[in-house]
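The values are calculated or read from the model by the stated rules, or taken from the named source; none is laboratory data. From a predicted model like this one, the values you see are computed outputs, not experimental measurements. FYI the Cβ positions are ideal-geometry reconstructions off the backbone, even for glycines, and counts take in every protein chain you see.
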Amino acid sequence: MSDGSAGARHRAVLAVEATQLSAEERPEPGPIAVLPEPEKQFVDAVEAAGGTVEPLSERTRGVVWLSNKDAAAFPPVLEAHPGIGWVQLPFAGVDAFADILAAEDRPGLVWTSAKGAYAQPVAEHALVLSLALLRVLPKRVRARSWATEPEGRSLYGLDVVIVGAGGIALELMRLLEPFGVRVTIVRRSSAPVSGAVSTVSADRLAEVLPTADLVVVAAALTGGTRHLFGADEFA
């Protein structure tokens, strides 16, 4: 008899509520190509949702591009197939495609991604790592005797700084609620984030780090976040 846990599924968590495209904004329906090489799980997912998967041709109206390591091979596909109106990048982070997205100006081309799809498992993992570090588990699992001095800290009541305010950050805040922590969010703007005791813009990161007991980086890799942490921040 099943205990029901096998039926549990993660749900997407988004910082901004998704809205459906209007009829005028939706791409023209038609065959979908799964590229650069079709993989069964993605083909099955498209077909289960009512789509038709076919090899790339002039009939193709949508593309699911599976390789973020081969992003440079994708622009020629778009250029050679002007009928493509929808592109799905099945990744939560699309930094490998940043230059392509910035340069592509085809009117009506719709881009989608898996943003938010991994928020719950990643936030769960961040919580596990935080507890492990606070409780000095890396040291204790290698120990051959009991500690002679108290070690480790409790997560309860600590000051936590989370860099980022997307789905991972929001889900992590939810998981942290039972611990009574005080969360400060660092993001591009200082617009308040519900549940945080304070929200500051990224240019004030250095102000909040000295009083933080725990820092979690949950920001997307972009030109604005690259090198956000250096020797001074870790000092």
(message) Please count how many residues of the stretch 68-87 are over 25 Å from Gly224 (Cβ atoms) and outside any helix (DSSP H, G or I).
(response) 7
(message) Being surrounded by 10 or more Cβ atoms within 10 Å (Cβ to Cβ), assigned to a loop (DSSP other than H, G, I, E, B) and within 21 Å of the chain's Cα centre (by Cα) is the requirement here; does Ala12 meet it?
(response) yes
(request) Name the one entry in Val77, Val87, Val63, Val16 that is in contact with a Phe, Trp or Tyr (Cβ under 7 Å, 6 or more places away or on another chain) and either farther than 30 Å from Gly223 by Cβ or outside the structural domain of Ala191 (by TED's automatic domain parsing) (or both). (result) Val87
(request) Kindly establish whether Glu25 is assigned by TED's automatic domain parsing to the domain that holds Gly108, not in a strand (DSSP E or B) and not hydrophobic (A, V, I, L, M, F, W, C). (result) no
(request) For residues that are over 24 Å from Lys40 (Cβ atoms) and at pLDDT 90 or above, tally how many sit in the stretch 55-100. (result) 11
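Restricting attention to the stretch 104-131, report how many residues are in a helix (DSSP H, G or I) and polar (S, T, N, Q).
Taking the stretch 104-131 first, the residues in a helix (DSSP H, G or I) are 119-131.
Those left that are additionally polar (S, T, N, Q): 120, 130.
Qualifying residue count, the stretch 104-131: 2.
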(request) Can you give me the number of residues within the stretch 168-216 that are more than 21 Å from the chain's Cα centre (by Cα) and without any contact (Cβ under 8 Å) to a residue 24 or more places away in the chain? (result) 7
(message) I need the full set of residues from the stretch 156-165 which are more than 16 Å from Thr211 (Cβ to Cβ) and touching a helix residue (DSSP H, G or I) at 6+ places or on another chain (Cβ under 7 Å), in order please.
(response) Tyr156
(message) Taking the conditions exactly as written (touching a helix residue (DSSP H, G or I) at 6+ places or on another chain (Cβ under 7 Å) and at pLDDT below 95), does Leu14 satisfy them or not?
(response) yes
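Evaluate the stretch 93-106: report whether one residue or more is among the aromatic types (Phe, Trp, Tyr), surrounded by 12 or more Cβ atoms within 10 Å (Cβ to Cβ), in contact (Cβ under 8 Å) with a residue 24 or more places away in the chain and farther than 23 Å from Ala119 by Cβ. Can you show your working first?
Within the stretch 93-106, the subset among the aromatic types (Phe, Trp, Tyr) is 97.
If we keep only those that are surrounded by 12 or more Cβ atoms within 10 Å (Cβ to Cβ) too, we end up with 97.
Still in the running and in contact (Cβ under 8 Å) with a residue 24 or more places away in the chain: 97.
Okay, now just the ones that are also farther than 23 Å from Ala119 by Cβ, so none.
The answer is no, given that none of the residues of the stretch 93-106 is among the aromatic types (Phe, Trp, Tyr), surrounded by 12 or more Cβ atoms within 10 Å (Cβ to Cβ), in contact (Cβ under 8 Å) with a residue 24 or more places away in the chain and farther than 23 Å from Ala119 by Cβ.
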